[in-house]
1. Testing residue 400 on (1) closer than 21 Å to residue 354 by Cβ; (2) in a helix (DSSP H, G or I), one condition comes back false. Which one is that?
2. Quick check on my filter: what residues within the stretch 395-413 are surrounded by 20 or more Cβ atoms within 10 Å (Cβ to Cβ) and under 19 Å from residue 331 (Cβ atoms)?
3. Being of a type in the set (A, V, I, L, M), under 23 Å from residue 360 (Cα atoms) and touching a helix residue (DSSP H, G or I) at 6+ places or on another chain (Cβ under 8 Å) narrows it down to one of 129, 123, 134, 170, so name that one.
4. Among (1) over 22 Å from the mean Cα position of the chain (by Cα); (2) under 20 Å from residue 345 (Cα atoms); (3) among the hydrophobic types (A, V, I, L, M, F, W, C); (4) buried (at least 21 other Cβ atoms within 10 Å of the Cβ), which single condition is residue 189 missing?
5. For the condition at pLDDT below 90 and either surrounded by fewer than 18 Cβ atoms within 10 Å (Cβ to Cβ) or under 15 Å from residue 286 (Cα atoms) (or both), what is the one hit in 392, 377?
6. Of the numbered conditions (1) over 26 Å from residue 403 (Cα atoms); (2) part of a helix (DSSP H, G or I); (3) not β-branched (Val, Ile, Thr), residue 126 fails exactly one; give the number of that condition.
7. Answer with yes or no whether residue 113 is assigned by TED's automatic domain parsing to the domain that holds residue 159, assigned to a helix (DSSP H, G or I), at pLDDT 90 or above and of a type in the set (Phe, Trp, Tyr).
8. Quick one: which of 267, 290, 296, 305 is assigned to a loop (DSSP other than H, G, I, E, B) and within 25 Å of residue 174 (Cα to Cα)?
Amino acid sequence: MTTDQANDSPANTTGPRAALISRLTTPRRLMLAVIVVFCITLGAQIRAVWLHEGAFYAGGEVPLGGDLLAFYSAGLIVAEGDGEHLYDLDRQIAAQKQAIGDSGFDGLLPFAYPAFVAAPYALLARLPLIPAYLVVTPLMLAAVVAAVALLRPVSPTVRARPVLVTLAALASQPLAAATLGGQTVGFSLLCCAGTYAALRRDRAVTAGVWLGLLLYKPPLAVPLLALLLCRRQWRTVAVAGAVGLALFLVGVAVAGVAWPWRFLDLAGGTFAEGDAAANGMNMISLLGVAEQVFGAGSSWAWGTAGVLGLGVLVVVIQAWRGARADGHTFPLLFGLVIAGVLLLSPHALFYEACLLILPIIALLDAWQAHGRQLAAWQRSILTGAFALGFGWQFGALLGVQPVAVLPVAVAVLSWRALRQPRNGASAHAERILPRNQDFLGGITYPPRRESAHDGHLGGD
């Protein structure tokens, strides 16, 4: 039997249902499924752009690449030298009307990001909206591919199946919907992957650069910075701070020295209130879901989210206390942190669930350690998580975002894996496990040269 045949054969099973699940989730069948999903999704978007559906023509009602309109209009404002009014909603409305060529457009997609985010879009604003969309979308897709590539040296799963992991990430509906809709979530994934991979390989400066770039999304970056500060990762935090200072100065150059206060006033005031009403059904954070259940601003919503959030915070901090980047539990710990950050964030929408790709890969690595094959329940969970991504469109119908289940499930699974008892034999085996063996269906690799900076995937 060839290696590929062995990898595609069902795992050892305990019953007909488990055998069926194993047969349906072989690597070849999964590869075919994600290729079909990705091609259909991409084809539908190409058709929409080709036919000028949405706001790519005057009179469009729903912007295609909708979130791009917010970034593009911010770029227009900066390019026209009016950065002082970057956070003026009336100015944003005027820029968006200009962008889509429709003076009657009465919608608004607010730009509520740090001012330095508008700088690259000021360059992009030299192009009309459609060409700009055709530039930024491939760049964000490339960021996803680059994120998976960064994980390859530190993840046996990614090393064993890089194409399958990449296609599964691209076909993930939260990520596809956001990326093809003009969002920047691909860059967020790249920054998180870069931070994790650099920490794992003991490259503090590189980790700091990636984490500093992630400051364009403060709710994601600040908790990670705080946790690294608690673990006395001084170099990483210092480099991230230096990158943050440089980005702050870019913001000053494009929007004036007072931009942080204007940004906070918009993001924490008018934008937060309007977004809770318009996007509440898309929220996956504890507060966002609680406000959908109990009502925006409800004391019950804040109380429920506060109690649950405190529990999540305690679990994350307790787990992180012994974190070591070269430890065998670090991938699961980092994944638990990512899930916890999404739950605790005041503003996490469905598409940010694609950041859970990192903890899911960590779970795959843990579940398949020492040559183990995935159990039927693990295969079912992974398939169900991918399928649940399609449910984001039912948020308005249900009143609550179905994808909100994912960060909770991933956090629970990561915590469970961390608490898994490790007997002396398995711990010893992990320490002496050859670095040239990577497990996904029994695949092995030729030995590779060790680097002094390589993360120790095998043990503490």
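1. In the conditions (1) closer than 21 Å to residue 354 by Cβ; (2) in a helix (DSSP H, G or I), residue 400 misses (2) alone.
2. Hits for the stretch 395-413 are 406, 407, 410, 411, 413.
3. Working: 129 fails: under 23 Å from residue 360 (Cα atoms); 123 fails: under 23 Å from residue 360 (Cα atoms); 134 fails: under 23 Å from residue 360 (Cα atoms).
That would be 170, the only listed residue that is of a type in the set (A, V, I, L, M), under 23 Å from residue 360 (Cα atoms) and touching a helix residue (DSSP H, G or I) at 6+ places or on another chain (Cβ under 8 Å).
4. The one condition residue 189 does not meet is (1).
5. Working: 392 fails: either surrounded by fewer than 18 Cβ atoms within 10 Å (Cβ to Cβ) or under 15 Å from residue 286 (Cα atoms) (or both).
It is 377.
6. Checking residue 126 against (1) over 26 Å from residue 403 (Cα atoms); (2) part of a helix (DSSP H, G or I); (3) not β-branched (Val, Ile, Thr), the one that fails is (2).
7. Working: assigned by TED's automatic domain parsing to the domain that holds residue 159: yes; assigned to a helix (DSSP H, G or I): no; at pLDDT 90 or above: yes; of a type in the set (Phe, Trp, Tyr): yes.
No: the conditions fail for residue 113.
8. Working: 267 fails: assigned to a loop (DSSP other than H, G, I, E, B); 290 fails: assigned to a loop (DSSP other than H, G, I, E, B); 305 fails: assigned to a loop (DSSP other than H, G, I, E, B).
None of the others qualify; the one that does is 296.
The values are calculated or read from the model by the stated rules, or taken from the named source; none is laboratory data. What you see is a predicted model; the values in this text were computed from it and never measured. Glycine also receives a Cβ, built like all others from the backbone with ideal geometry; neighbour counts cover every protein chain displayed.
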